[in-house]
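Accompanying notes for the structure given below.
The values are calculated or read from the model by the stated rules, or taken from the named source; none is laboratory data. The shown structure was predicted, so the numbers you read here are calculated from the model rather than taken from an experiment. We place every Cβ from the backbone using ideal geometry, glycine too, and count neighbours over all the protein chains shown. Protein only, heavy atoms only, side chains kept; ligands, DNA and RNA dropped before computing areas. Shrake-Rupley method; radii C 1.70, N 1.55, O 1.52, S 1.80 Å.
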Amino acid sequence: DSILSSKIKQADENNIKIDLTVKLASLIKIDELELGVLLGNALDNAIEATVKIQDRERIIHVSIISVDETMLIKIINPVIENINTDKIETNKHDKKRHGYGLSGIRTITEKYGGILDLNCTDKVFTFTATLCNTSEYK
């Protein structure tokens, strides 16, 4: 909750709208720190990309859905140009201190028996993490 509130505030400060859908039909059993790292990094990436948009609506769609033993996190945001999702690297100058967010997201997704799908088509980036929401993976 605090991660989402913080990122919504950050987006608002950058004139970016966040369209948020949260549907929790089951208890969240994923470690809250790891879930926060995953959400925080994914939203940071979406906000950084959307800040660069000047010619289109600046909106990030976020869906967090938990049903039975599955949690789906989907984030859709505009980008200035299509991204090769097979080879995503940081575009920050200090590459020694940046570029670890996606690696951390992958590690957490794998830990929870999940699948991470990154797609970029028509200058729209889609991040989808599907995680097993069971205490088995803690």
task: Considering each residue of the stretch 108-118, count those that are open to solvent by less than 70 Å² (accessible area, probe 1.4 Å), in contact (Cβ under 8 Å) with a residue 24 or more places away in the chain and not in a loop (DSSP other than H, G, I, E, B), and give that number.
output: 3
task: Name the one entry in Ile88, Ile80, Ile59 that is of a type in the set (A, V, I, L, M, F, W, C), at pLDDT below 95 and open to solvent by 20 Å² or more (accessible area, probe 1.4 Å).
output: Ile88
- prompt: Name the pairs whose Cβ atoms lie under 8 Å apart, with the first residue in the stretch 119-135 and farther than 16 Å from Ala49 by Cα and surrounded by fewer than 18 Cβ atoms within 10 Å (Cβ to Cβ), the second at pLDDT below 95 and among the basic types (Lys, Arg), and 6 or more positions between them or separate chains?
  reply: Thr134/Lys29; Ser135/Lys29
- prompt: Mind checking whether some residue in the stretch 7-25 is part of a strand (DSSP E or B) and among the hydroxyl-bearing types (Ser, Thr, Tyr)?
  reply: yes
message: Being at pLDDT 95 or above and of a type outside the set (A, V, I, L, M): is that true of Gly104 here?
response: no
message: Tally up the residues in the stretch 22-47 that are more than 16 Å from Lys111 (Cβ to Cβ), among the hydrophobic types (A, V, I, L, M, F, W, C) and open to solvent by 20 Å² or more (accessible area, probe 1.4 Å), please.
response: 4
query: Could we say that Leu72 is surrounded by 15 or more Cβ atoms within 10 Å (Cβ to Cβ), of a type in the set (A, V, I, L, M), touching a residue at least 24 places away in the same chain (Cβ under 8 Å) and closer than 15 Å to Asn133 by Cα here?
result: yes
